[in-house]
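Heads up, the thing below is written out as structure tokens.
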Amino acid sequence: MTAEPRAAEPAGPEEPAEPTEASEPAEQGTAPGGRWVGALSLANIGVWVGWFGPLQLLLARQAEQLAPEHKASTLALVTGLGAAVSMVANPVFGALSDRTTARAGRRIPWVVAGVAGGAAGLVLLSLAASVTAVIAGWCLVQLALNAAFAALTAAVPDQVPPRQRGLVGGWLGVSQVVGILVGTALATVAGGITAGYLACAGFSVLAAVPYVVMRRDSTLAPAARPAFRWRTFLTGFWIDPRRHPDFGWAWLTRFLMNLSYSISTMYLLYYLTDAVRYGGDADTGVLILTALNALTLLSTVVISGIRSDRSGHRKSYVIRSGLVIAAATLLLGVWQTWTGAVVASLVLGLGFGVYTAVDFALLTDVLPNAEDRGKDLGVINIANALPQVLAPVIAAPVVTHLGGYTALYALAGGLAVAGSVLVRRIRSVP
């Protein structure tokens, strides 16, 4: 069984398929080729640039400029409200894209609107002269870019047969890492807060153009769209784990693994200064560890997705990657030296690279039904966003009162082990 997508699209833009009810890609025609995967990945890079240029540097600089006496609490307020918007926006826009009957397709209109809105939010941030304006701008960025991200994510099960989703998930993992690095680089070299925001906005828009121009999307006939009822729409976000146990276990395991990863990386700066007693500039130390983590992540993310496609055995890869992540966090807990931190970062990247690609493919295999892919993947994405909110709430008291960094990283390792073990409860995936 080959792991490479078939390059089947013509040289020019593709016309959308005839409107039909949602179905598996194998039923719709040929699978997308490398150009579509490349365009999807580039658009995804643009979304991550729009998020992480601000998150890595620009918002912190702005908080320091506007509220120097309360910069930490200001940054926490801005990012916390943005995370809350993200958790709601992703499943809601995913559900709306499921019901979209535009001629361009179900997902592309939301990519266009989301990227445009995200760029507008970044421009607003570049002009913000008060904390209130920063909050408004960042919430708009989170609202809009989550619309684009929900549509891009849902396009994978729409267009890619199950046997190739590990490969595509691997490239999406690459795009996430590249987006974070590019966003950080643009924010650093652009020459100030205003220029940094404008550079991220411009990149996000341009990165989406090839995907939109390609015009490959699933469509929904107006007659096939169910009648809209508010109660049905709102209650649809609750996916009963008793009726869909595999989806429930997949959500829980993803939440645990992301919580472990968030706890492991969020306090690296303080870990280097307080536990490792790093002799150099701690900011530089964090940058080095992040780059090493990205290096090993990129070395495993695509190849592991390809190998899981060929074997068909997703769970074994997820289980082993979770155990590798747990080993890395335990190294941070017991080997509190610079050398230990370097080794742990390399190991953490190896494990999370495998996990990022294969777990995404596994999730697309347990979605309850084809008609609600956008909404269901949006619910899954709550398991990505919620740990970013909970990690500091959990980590602060552990570091301060319950055993310090040894206890913190032991907790992170325990969460990763729990996520690995519970993957075994998913029955429908080999």
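The values are calculated or read from the model by the stated rules, or taken from the named source; none is laboratory data. These numbers come from a predicted model, not from an experiment. Positions of Cβ are backbone-derived with ideal geometry, glycine not excepted, and every protein chain shown enters the neighbour counts. To get the accessible areas, we keep the full protein, side chains included, count just its heavy atoms, and leave off ligands, DNA and RNA. Shrake-Rupley method; radii C 1.70, N 1.55, O 1.52, S 1.80 Å.
From the list 132, 184, the one residue that fits, being open to solvent by 10 Å² or more (accessible area, probe 1.4 Å), farther than 30 Å from residue 296 by Cα and hydroxyl-bearing (Ser, Thr, Tyr), is 132. When residue 263 is tested against the conditions (1) in a helix (DSSP H, G or I); (2) open to solvent by 20 Å² or more (accessible area, probe 1.4 Å); (3) touching a helix residue (DSSP H, G or I) at 6+ places or on another chain (Cβ under 9 Å), the lone failure is (2). Any residue at all in the stretch 121-128 that is out of contact with any Phe, Trp or Tyr (no Cβ under 7 Å at 6 or more places or on another chain), hydroxyl-bearing (Ser, Thr, Tyr) and either assigned to a helix (DSSP H, G or I) or open to solvent by 50 Å² or more (accessible area, probe 1.4 Å) (or both)? Looking through the stretch 121-128, none of the residues is out of contact with any Phe, Trp or Tyr (no Cβ under 7 Å at 6 or more places or on another chain), hydroxyl-bearing (Ser, Thr, Tyr) and either assigned to a helix (DSSP H, G or I) or open to solvent by 50 Å² or more (accessible area, probe 1.4 Å) (or both).
Against the list (1) surrounded by fewer than 24 Cβ atoms within 10 Å (Cβ to Cβ); (2) among the β-branched types (Val, Ile, Thr); (3) closer than 16 Å to residue 173 by Cα; (4) at pLDDT 85 or above, the condition residue 318 fails is (1).
Check whether at least one residue in the stretch 188-196 is out of contact with any helix residue (DSSP H, G or I) (no Cβ under 7 Å at 6 or more places or on another chain) and open to solvent by 50 Å² or more (accessible area, probe 1.4 Å), and report yes or no. Give the steps one after another, and end with the answer.
We begin by selecting, within the stretch 188-196, every residue out of contact with any helix residue (DSSP H, G or I) (no Cβ under 7 Å at 6 or more places or on another chain); these are 189, 191-192, 195.
Next cut, open to solvent by 50 Å² or more (accessible area, probe 1.4 Å) only: 189, 191.
Yes.
Candidates in the stretch 362-406 are the residues that are touching a helix residue (DSSP H, G or I) at 6+ places or on another chain (Cβ under 6 Å) and of a type in the set (S, T, N, Q); of these, the one that is surrounded by the fewest Cβ atoms within 10 Å (Cβ to Cβ) is 406. When we screen 225, 277, 254, 229 for residues that are out of contact with any helix residue (DSSP H, G or I) (no Cβ under 8 Å at 6 or more places or on another chain) and at pLDDT 80 or above, the only hit is 277.
Residue 364 - would you say it is more than 28 Å from residue 428 (Cα to Cα) and of a type in the set (Ser, Thr, Tyr)? Break it down into steps so the answer makes sense when it comes.
Working: more than 28 Å from residue 428 (Cα to Cα): no; of a type in the set (Ser, Thr, Tyr): yes.
Criteria not met by residue 364.
Given the structure, is residue 219 under 28 Å from residue 42 (Cα atoms), out of contact with any helix residue (DSSP H, G or I) (no Cβ under 9 Å at 6 or more places or on another chain) and either open to solvent by 70 Å² or more (accessible area, probe 1.4 Å) or not small (Gly, Ala, Ser) (or both)? Here the answer is yes, as residue 219 does meet what is asked.
Output the number of residues of the stretch 367-380 satisfying the condition of being part of a helix (DSSP H, G or I), modelled with pLDDT of 75 or more and either more than 12 Å from residue 151 (Cα to Cα) or among the β-branched types (Val, Ile, Thr) (or both). Don't jump to the end; show me each part of the working.
First, pick out the residues of the stretch 367-380 that are part of a helix (DSSP H, G or I): 370-380.
Then drop every residue that is not modelled with pLDDT of 75 or more, which leaves 375-380.
Then keep just the ones that are either more than 12 Å from residue 151 (Cα to Cα) or among the β-branched types (Val, Ile, Thr) (or both); that gives 379-380.
Adding up the residues that qualify gives 2.
Counting the residues of the stretch 38-47 that are hydrophobic (A, V, I, L, M, F, W, C) and surrounded by fewer than 24 Cβ atoms within 10 Å (Cβ to Cβ) gives 2.
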